[in-house]
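**Q** Below is one structure. I have some questions about it.
The values are calculated or read from the model by the stated rules, or taken from the named source; none is laboratory data. Just so it is clear, the model here is predicted, and its values are computed rather than measured. Ideal geometry is used to build each Cβ from the backbone, glycine not excepted, and the neighbour counts take in all protein chains shown. Heads up: the accessible areas ignore ligands, DNA and RNA and are worked out on the full protein's heavy atoms, side chains in. Shrake-Rupley method; radii C 1.70, N 1.55, O 1.52, S 1.80 Å.
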Amino acid sequence: MLELLTGTGLAAAAGLNAYIPLLLVGLSSRFLDWIQLPPAWAWLENEWVLIILGVLFVIEIVADKIPVVDTVNDWIQTIVRPAAGGILFGSGTASQTAAVTDPAEFFASNQWVPIVIGIVLSLLVHAGKTISRPAANAVTAGVAAPVLSTLEDVTSVVLSLLAILFPILVIVGVIGLAVGLVALFRRMRRRRDQDAVDPAIPEPPDADRVLDGA
């Protein structure tokens, strides 16, 4: 169960930012004792892989905070984030973490299963992010982009760390993420509906023109 929670937390984090959980897993395996990757996923701790992920992470951080550019980036990430989620779920459920010393073998006979589960989980989170961001930008004239992006990055870091160090708390993190997305959708919908029903206030007639007309 703990391995499953580890994979779930990492995949959900990838739905917000693909490179944060990948970097944390790779760096933790290479330099710390937080996680030990199985041989099939050991390439995540390769120095060149980590450098490439670092560069992509910087690009993502900048692009995701610029209105309009963030929407284009989200469409590009429709392939990247689910793929990262599949990799992370597969590596998370087969690895040894600081909280897991005896990985379960229930995925051993069907190694493709955890990858597909990770893809689906990450895609769901990514879809919520991709749909909500344009609406938030529209009602705030783009002001929401850097704020939401920063919150998403922080959430991705927290989920990744929970998945590696305290898998049982991933349940709380995932529920919080779902509640946050639903609350954002509702707020954007109320704002849009309010803008649609509020009539434009007509300008008062100019007093001089009224007198001239009389």
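**Q** Quick one: which residues, 5+ away or cross-chain, put their amide H under 5 Å from the amide H of Q36? H built at 1.01 Å from N.
**A** Q96, T97
**Q** Rounded, prolate or oblate for the stretch 1-75? Axes are the square roots of the Cα gyration tensor eigenvalues, ordered a ≥ b ≥ c, and the cut-off for rounded is a/c under 1.5.
**A** Oblate.
**Q** To the nearest 10 Å², what's V116's accessible area with a 1.4 Å probe?
**A** 70 Å²
**Q** Taking 8 Å as the Cα distance limit and 6 or more residues as the minimum spacing, I'd like the relative contact order of the stretch 1-53 as a percentage.
**A** That works out to 29 percent.
**Q** Given a Förster radius of 35 Å and the C-beta distance between W48 and R190 as r, what FRET efficiency does 1/(1 + (r/R0)^6) yield to the nearest 0.05?
**A** 0.15
**Q** Describe numerically, in nm with one decimal, the distance between label points set 7 Å from Cα along Cα→Cβ at A40 and at T140.
**A** 4.1 nm
**Q** Within 10 Å, count the other beta carbons around each residue, average over each peptide in 19-29, 145-155, 39-49, and list them highest first.
**A** Result, highest mean first: 19-29, 145-155, 39-49.
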